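Participant: Dumping the structure here so I can ask a few things about it.
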Amino acid sequence: MSEKRESAIVDLNEGFWTDKYQNDQIGWDIGYVSSPLKAYFDQLEDKGLKILIPGAGNAYEAEYLWANGFKNIHIVDISLAPLTAFKKRIPDFPNEQLIHADFFQLSDKFDLIIEQTFFCALNPSLRRDYVLKMRELLKSNGQLVGLMFKVPLFEDRPPFGGNEIEYRDLFSDCFRIDIMEVAYNSISPRQGSELFVKMVPSEL
């Protein structure tokens with residue numbers, strides 16, 4: 001990334017995201033679990049999987065999983081606002097599995113991490129750190145599964161886009177990429193602009 005582009009990006013701190021929620025400026029929020037992830041969840045059989053959803057926002061994915069018997073779900077967000085809203089919707093969700101923190105400060109191990117509009121919300125300068133942290137947080141046979149934008153999008157603010165060539169170069173040192181292909185079942189506004197990905201950590 002050029003120095004000029006880097007300096008132009010807004011400060012994506014906790015206050016930035018909290019303001020977005022408080023002012024209902026959450027255009028990425030579709031209000032329900034996305035269809036590619038719903039289809040993926042529906043074929044999962046092990047309801048004991050330890051699942052992390054980082055940058056979860058309103059966490060419709062976690063809500064869907066919880067309603068379908070997955071109880072070892074952990075959701076993290078840098079802003080307290082969406083976590084508070086989630087708890088109001090799902091009052092029996094365990095408080096200890098609602099994590100108000102910076103993703104990069106987490107220390108745990110998970111069977112499955114779900115990517116849904118988190119990667120594209122980070123400053124692109126953190127993408128290598130994202131890859132390393134994901135590998136650190138996954139068990140040796142764990143999986144990183146989700147959706148990534150395959151279009152340019154914005155350069156000075158999220159969502160930040162990308163392309164398959166860039167992503168394969170970024171992840172290939174730390175992950176075995178089992179699937180990275182255009183999602184066939186994206187919601188209508190995102191048809192053709194999302195990659196469905198499934199990756200497994202490489203040996204350290």
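Read-outs: derived from the displayed coordinates by stated rules, not from any lab. A quick note: this is a predicted structure, and the numbers were derived from the prediction, not measured. A quick note on method: Cβ atoms are made from the backbone with ideal geometry, for glycine too, and the neighbour counts reach across all protein chains shown.
Participant: Mean residue ellipticity at 222 nm from the helices of the chain, using -39,500 (n - 2.57) per DSSP H segment of n ≥ 4 over the full residue count, to the nearest 500 deg cm²/dmol? Could you put the intermediate results ahead of the total?
Facilitator: Numbers: 7 runs with 60 residues, N = 204.
One gets -8000 deg cm²/dmol as the mean residue ellipticity at 222 nm.
Participant: Would you grab the residues whose amide H sits under 5 Å from the one on LYS150? Only those 5+ places off in sequence or on another chain, please, with H modelled 1.01 Å from N.
Facilitator: Amide H neighbours of LYS150: GLU194, LEU195.
Participant: With unit charges on the beta carbons (Lys and Arg positive, Asp and Glu negative) and the dipole taken about the Cα centre of the range 51-198, which residue among GLN116, LEU170, PRO158 sits farthest to the positive side?
Facilitator: It is GLN116.
Participant: If the cut-off is a Cα-Cα distance under 29 Å, which lysines reach LYS139, setting aside same-chain residues fewer than 8 apart in sequence?
Facilitator: Partners within reach: LYS38, LYS47, LYS50, LYS71, LYS87, LYS109, LYS150, LYS198.
Participant: Separate question: Whole angstrom only: what separates the Cα centroid of the range 77-143 from the Cα centroid of the range 17-55?
Facilitator: Cα centres, the range 77-143 to the range 17-55: 11 Å.
Participant: Considering the options ALA85, PHE103, VAL131, tell which one lies farthest towards the positive end of the dipole of the range 63-204, charges being +1 on Lys and Arg and -1 on Asp and Glu at the Cβ, about the Cα centre.
Facilitator: So the residue furthest toward the plus end is ALA85.
Participant: Among the aspartates and glutamates, select those whose C-alpha is under 13 Å from the C-alpha of LYS88, and discard any that sit fewer than 8 residues away in the same chain.
Facilitator: Correct list for LYS88: GLU63.
Participant: Run the dipole for the chain about the Cα centre, Lys and Arg Cβ at +1, Asp and Glu Cβ at -1, nothing else charged, and hand back the magnitude in debye, nearest 20.
Facilitator: Roughly 260 debye, rounded to the nearest 20.
Participant: If a/c stays under 1.5 just call it rounded; otherwise compare a/b with b/c (prolate if a/b is bigger, oblate if not). Do that for the range 151-204, with a ≥ b ≥ c from the square roots of the Cα gyration tensor eigenvalues.
Facilitator: The shape class here is oblate.
Participant: With just the Cα atoms of the range 130-176, tell me how far they stretch along each of the three principal axes, in Å, largest first.
Facilitator: Sorted from largest, the Cα extents of the range 130-176 read 34, 19, 16 Å.
Participant: Another one. Using r as the Cβ-Cβ distance of SER172 and HIS100, and R0 as 30 Å, what FRET efficiency do you calculate, to the nearest 0.05?
Facilitator: Efficiency at R0 = 30 Å is approximately 0.35.
Participant: Among 8-15, 59-66, how do they line up from the highest to the lowest mean number of other beta-carbon atoms within 10 Å?
Facilitator: 59-66, 8-15
Participant: Could you estimate the translational diffusion coefficient of the chain from the Stokes-Einstein equation, with Rh from the Kirkwood formula over C-alpha pairs, at 10 °C and 1.306 mPa s, in whole µm²/s?
Facilitator: Rounded, D is 92 µm²/s.
Participant: Hey, another quick one. Using Cα positions and a limit of under 16 Å, work out the aspartates and glutamates in reach of LYS133, with same-chain residues fewer than 8 apart set aside.
Facilitator: Within the straight-line cut-off, LYS133 pairs with ASP77, ASP102, ASP108, ASP111, GLU115, ASP173, GLU203.
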